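Heads up: the structure comes next, in structure tokens.
The values are calculated or read from the model by the stated rules, or taken from the named source; none is laboratory data. All values reported here derive from a predicted model rather than from experimental measurement. Here the Cβ positions follow ideal geometry from the backbone for every residue, glycine too, while neighbour counts run over all protein chains shown. What goes into the accessible areas is simple: the full protein's heavy atoms, side chains included, and nothing from ligands, DNA or RNA. Shrake-Rupley method; radii C 1.70, N 1.55, O 1.52, S 1.80 Å.
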Amino acid sequence: MRGGRDVADDGRLDEGTETAALNEVVAAEHAAVWGYGTVGAALPEDARGPAAAAEVAHRDARDRLVAMLESRGADPVPREAGYTLPFPVLSAVDAATLAVVLEEGVSAAWVRLLDQSAEPAVRELAVEELGAAEVRAVGWRTSAGRIPVTDAFPGL
Amino acid sequence: MPPVLAPATAGSTRRAFLAASAGLALLVAGCTAGSPETPAVSTEEADRLAGQVAVQEAVVAAYAAATTADPALALSDLAAQATEQLDRLRAAASSSTASPATSSSAPPAAPAGGDVRTWLREQVATAASAHARACARQTGARAALLGSIAAGLRGHEAALA
């Protein structure tokens, strides 16, 4: 279905609820791809590897989701022209903190998809990507000096 | 749900995003088989969820065994999170139609004199994979909870690396 958000009136999960949630993940992944540009720019050149790898991972996830949406005749949400940072990113610690925000935001979108999906294959993808996001988040929380570095319930 | 970062042209904020996420957390915490807004839980799904309680009990037991075997590992934060996960799973399982499973298997034993950290990491990885598989076969809030716990344990794996 093209356009609007579709939630079954009786609360049941169907392709409409799943498609809407898939598009929420696409929106989150667009933002993460954009945000990691800022993360990388704020890091010393020799410390940019994890940011670059994360950007690639999010770009790949987004492209996979876009293809999935297009294959079912839905319109993938486009990226925004720009985004507002939640705080100034002026240091390596700021950059790591922003990366945590990006990964936690994407995680919330993946969990929302788990909640709304109708197809087991979609949930398999979601739980795999959710785990990958949390692994990246652990690295960034460590760099940001956050304790604990883990989250019992990523995305919830 | 607003995106991760607010669009530059919109008024939404990260706070709004987190508020939306919190709403999902409440949904998960309050999910019951009898809620009119949620799909009915099949007996098969309820049994599977109860089965994951036993998986998580093994994780909690593994943290306890590892702490006993090597107190220097300083596992208190991770162990506490594993217990939180178990508590949430038990609550979700008890709200389903099946009785929660009771673990009859012996608690795991950390290798005496061996690499306790690596052993613990393997236990956690096994549980994360089991939760992930179960997540794919659940629906709605139960899938969200299991997926989140599976991801949380992936994070534990990373922290233990």
Problem - Where residue A:119 falls short, out of the listed (1) buried (at least 21 other Cβ atoms within 10 Å of the Cβ); (2) within 19 Å of residue B:150 (Cβ to Cβ); (3) touching a residue at least 12 places away in the same chain (Cβ under 8 Å) - result: (1)
Problem - residue B:93 vs. criteria open to solvent by less than 10 Å² (accessible area, probe 1.4 Å) and either in contact (Cβ under 8 Å) with a residue 40 or more places away in the chain or under 12 Å from the mean Cα position of the chain (by Cα) (or both) - result: yes
Practice task
Considering only region A:131-153, state which residues are facing chain B (nearest Cβ under 7 Å), of a type in the set (A, V, I, L, M, F, W, C) and either in contact with a Pro (Cβ under 6 Å, 6 or more places away or on another chain) or more than 17 Å from residue A:50 (Cα to Cα) (or both).
Solution key: A:152, A:153
Fill in the blank from the handout: When region B:123-142 is checked residue by residue, the ones that are farther than 14 Å from residue B:53 by Cα and at the interface with another protein chain (Cβ under 7 Å from one of its Cβ atoms) are B:136, B:137, B:139, B:140, B:141
Problem - Selected residue (only one of A:105, A:73 is within 23 Å of residue A:40 (Cα to Cα) and either out of contact with any helix residue (DSSP H, G or I) (no Cβ under 9 Å at 6 or more places or on another chain) or not acidic (Asp, Glu) (or both)) - result: A:105
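Quick test for you: out of A:41, A:99, A:108, A:52, pick the one residue that is closer than 19 Å to residue B:148 by Cβ and either surrounded by fewer than 19 Cβ atoms within 10 Å (Cβ to Cβ) or modelled with pLDDT of 95 or more (or both). Steps first, please.
Values: A:41 fails: closer than 19 Å to residue B:148 by Cβ; A:99 fails: closer than 19 Å to residue B:148 by Cβ; A:52 fails: closer than 19 Å to residue B:148 by Cβ.
That would be A:108, the only listed residue that is closer than 19 Å to residue B:148 by Cβ and either surrounded by fewer than 19 Cβ atoms within 10 Å (Cβ to Cβ) or modelled with pLDDT of 95 or more (or both).
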Fill in the blank from the handout: Condition set of a type in the set (A, V, I, L, M, F, W, C) and farther than 25 Å from residue A:137 by Cα, scope region A:47-76, selection farthest from the other protein chains (Cβ to nearest Cβ): answer is A:67
Problem - Which numbered condition residue A:17 fails, given (1) under 26 Å from residue B:150 (Cα atoms); (2) modelled with pLDDT of 95 or more - result: (2)
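Out of all the residues in region B:52-72, is one or more exposed (fewer than 15 other Cβ atoms within 10 Å of the Cβ) and within 11 Å of another protein chain (Cβ to nearest Cβ)? Quick ask: steps written out before the conclusion?
Filtering region B:52-72 for residues exposed (fewer than 15 other Cβ atoms within 10 Å of the Cβ) gives B:68, B:71-72.
Subset that is within 11 Å of another protein chain (Cβ to nearest Cβ): none.
Looking for residues that are exposed (fewer than 15 other Cβ atoms within 10 Å of the Cβ) and within 11 Å of another protein chain (Cβ to nearest Cβ), one finds none in region B:52-72, hence no.
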Practice task
Working only within region A:60-77, note down all residues that are in contact (Cβ under 8 Å) with a residue 12 or more places away in the chain and open to solvent by 10 Å² or more (accessible area, probe 1.4 Å).
Solution key: A:62, A:64, A:66, A:68, A:72, A:73, A:75, A:76, A:77
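If I go through region B:123-139 residue by residue, how many of them are open to solvent by 10 Å² or more (accessible area, probe 1.4 Å) and either assigned to a helix (DSSP H, G or I) or over 16 Å from residue A:18 (Cα atoms) (or both)? Let's see the steps before the verdict.
Let us first name the residues in region B:123-139 that are open to solvent by 10 Å² or more (accessible area, probe 1.4 Å), namely B:123, B:125-126, B:129-130, B:132-133, B:137, B:139.
Applying the additional criterion that residues be either assigned to a helix (DSSP H, G or I) or over 16 Å from residue A:18 (Cα atoms) (or both) yields B:123, B:125-126, B:129-130, B:132-133.
Qualifying residue count for the region: 7.
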Handout entry: From B:160, B:120, residue being more than 10 Å from every other protein chain (Cβ to nearest Cβ), open to solvent by less than 20 Å² (accessible area, probe 1.4 Å) and either over 26 Å from residue A:120 (Cβ atoms) or among the basic types (Lys, Arg) (or both)
Key = B:120
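Hey, among A:156, A:98, A:90, which residue is among the aliphatic types (A, V, I, L, M) and within 7 Å of chain B (Cβ to nearest Cβ)? Even if it seems obvious, please write down each step before you answer.
Details: A:98 fails: within 7 Å of chain B (Cβ to nearest Cβ); A:90 fails: within 7 Å of chain B (Cβ to nearest Cβ).
Checking each option against the conditions leaves just A:156.
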